[in-house]
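Below you'll find the structure, written out as structure tokens, and then a few comments.
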Amino acid sequence: NAGVTQTPKFRVLKTGQSMTLLCAQDMNHEYMYWYRQDPGMGLRLIHYSVGEGTTAKGEVPDGYNVSRLKKQNFLLGLESAAPSQTSVYFCASSYAGFRSSYNSPLHFGNGTRLTVT
Amino acid sequence: AQKVTQAQTEISVVEKEDVTLDCVYETRDTTYYLFWYKQPPSGELVFLIRRNSFDEQNEISGRYSWNFQKSTSSFNFTITASQVVDSAVYFCALGGSQGNLIFGKGTKLSVKP
């Protein structure tokens with residue numbers, strides 16, 4: 001059982017380049033999330049999805065786009081990378097929203113370290 | 001506004017000491033959820049606990065215990081008899097109105113042998 005898998009693990013981009021981060025989960029979870037982690041800032045939500053075909057903006061969505069065409073995959077795109085997007089990106093999934101009666105914690109991937117020069 | 005404050009940026013203890021990590025939250029919701037996550041040096045995020053606002057009982061799991069006090073909007077985490085393997089960054093989080101988790105900035109715990 002792989003859980004939440006993120007690819008790639010590391011990437012270096014030049015300013016203006018584009019790329020897509022892939023998140024795949026094999027737990028049949030409805031909810032998926034993209035966070036970024038920066039030193040001293042904790043984790044901040046970029047975008048999230050509450051089901052296949054749906055997406056919503058989080059706290060810091062500017063400069064990113066997402067798609068959830070299949071339930072198991074959640075893609076994060078950077079159309080024109082900027083140095084401010086240098087960060088560690090975490091994908092997470094959960095069976096149901098945390099308000100459900102299920103104890104449904106977020107399951108995180110191992111992160112993608114992105115450097116934009 | 002919803003917010004989580006972890007005032008302790010870094011804590012250093014010697015093995016076998018007890019240590020408490022503080023978490024203070026702000027929310028206007030009457031029902032809310034609080035979480036603790038651990039991030040060891042390897043970088044992954046590990047779920048530790050979820051607590052509902054209507055359940056104020058303290059929780060103990062082995063050497064870990066959590067003290068939830070609505071009156072002070074705090075959800076503190078204590079590690080008893082700390083071990084080197086407890087060295088990590090610990091995040092407190094609040095369930096946000098958008099269905100997401102709002103994280104504090106984390107407390108880095110270093111346990112020295």
Does A:Q25 satisfy the condition of being of a type in the set (S, T, N, Q) and crowded, with 16+ Cβ neighbours inside 10 Å?
-> yes
Can we say A:V66 is among the β-branched types (V, I, T), surrounded by fewer than 20 Cβ atoms within 10 Å (Cβ to Cβ), in a strand (DSSP E or B) and touching a strand residue (DSSP E or B) at 6+ places or on another chain (Cβ under 9 Å)?
-> no
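Of everything in the stretch A:11-56, what is in contact with a Pro (Cβ under 7 Å, 6 or more places away or on another chain) and of a type outside the set (V, I, T)? Give them in sequence order.
If the condition is that a residue be in contact with a Pro (Cβ under 7 Å, 6 or more places away or on another chain) and of a type outside the set (V, I, T), then A:H47 is the only one that fits.
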When (1) under 30 Å from A:V88 (Cα atoms); (2) over 15 Å from the mean Cα position of the chain (by Cα) are applied to B:D55, the one that fails is (1)
From B:F91, B:F68, B:F47, B:F103, which residue is closer than 22 Å to A:Y48 by Cβ and free of Cβ contacts under 8 Å to residues at least 40 places away in the same chain?
-> B:F47
Can you find even one residue in the stretch A:3-22 that is within 24 Å of B:Y33 (Cα to Cα) and of a type outside the set (F, W, Y)?
-> yes
Does the stretch A:32-44 contain at least one residue that is modelled with pLDDT of 90 or more, within 11 Å of chain B (Cβ to nearest Cβ) and surrounded by fewer than 21 Cβ atoms within 10 Å (Cβ to Cβ)?
-> yes
If you scan the stretch B:22-58, which residues turn out to be in contact with a strand residue (DSSP E or B) (Cβ under 8 Å, 6 or more places away or on another chain) and of a type in the set (K, R)?
-> B:K38, B:R50, B:R51
Which ones in the stretch B:71-113 are within 10 Å of chain A (Cβ to nearest Cβ) and farther than 20 Å from A:L43 by Cα?
-> none
Looking at the stretch B:24-70, which of the residues that are of a type in the set (A, V, I, L, M) and under 19 Å from A:L43 (Cα atoms) is farthest from the other protein chains (Cβ to nearest Cβ)?
-> B:V24
Among the candidates A:N110, A:N28, which residue alone is in contact with a strand residue (DSSP E or B) (Cβ under 9 Å, 6 or more places away or on another chain) and assigned to a loop (DSSP other than H, G, I, E, B)?
-> A:N110
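The values are calculated or read from the model by the stated rules, or taken from the named source; none is laboratory data. As the structure is a computational prediction, the values presented were derived from the model and not from experiment. Here Cβ is always computed from backbone atoms with ideal geometry, including for glycine, and neighbour counts include all displayed protein chains.
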